[in-house]
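For reference, the structure is listed below as structure tokens.
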Amino acid sequence: MIHLSKTAAQEVMRLKSKHPNPNALFRLGVESSGCSGLSYTMAFEDAIDSEANVCQSEGIEIAIDPQHLKYLNELTLDYSEDLMGGGFRFHNPNATKSCSCGNSFSA
């Protein structure tokens, strides 16, 4: 299960409102990159394959590939804006190491 904070859900909805397909699903994933080995990915997709795990948080449907679930299970996605810039923040209990920017990790 993935958890979205209220501010993250509001930002996802704001971004989704700009997507050409209002029915697109929000997808979270990981890819091999970044200084710690894995980086988070986020996208809106028009079609999700039938094998994807779909959960819901704060009214947002979130699709996750089965092979990524072991890295993302129980992740909390937050969003904040501050003087140094705003953006999504990943709070991942599966990460054994994270880089200083918080966008890459190892598990």
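Worth a mention:
- A Cβ-based charge dipole, computed about the Cα centre of the range 1-45 with Lys and Arg at +1 and Asp and Glu at -1, lands at about 220 debye.
- Leading residue at positive end of dipole, the chain (Cβ point charges), from Cys55, Gly29, Leu4: Leu4
- For the chain, accessible area per residue (1.4 Å probe, heavy atoms of protein chains only), Å²: 58
- Global form of the range 18-61, assessed from the alpha-carbon gyration tensor, a/c cut-off 1.5: prolate
- Note that the range 66-75 has calculated 3J(HN,Hα) couplings of x, 6, 8, 4, 5, 8, 10, 4, 6, 5 Hz, one per residue in order, obtained from phi through the Karplus relation 6.51 cos²θ - 1.76 cosθ + 1.60 (θ = phi - 60°); glycine and proline are x.
- Of all accessible heavy-atom area on the chain, the percent that carbon and sulfur account for (1.4 Å): 50
- Residue-by-residue Karplus 3J(HN,Hα) for the range 2-8, coefficients 6.51, -1.76, 1.60, Hz, glycine and proline x: 9, 10, 10, 6, 4, 5, 5
The values are calculated or read from the model by the stated rules, or taken from the named source; none is laboratory data. All values derive from a computational prediction rather than experimental measurement. So basically every Cβ, Gly included, is an ideal-geometry build from the backbone, and we count neighbours across all protein chains shown. Please note that ligands, DNA and RNA were not included when accessible areas were found on the heavy atoms of the full protein model with its side chains. Shrake-Rupley method; radii C 1.70, N 1.55, O 1.52, S 1.80 Å.
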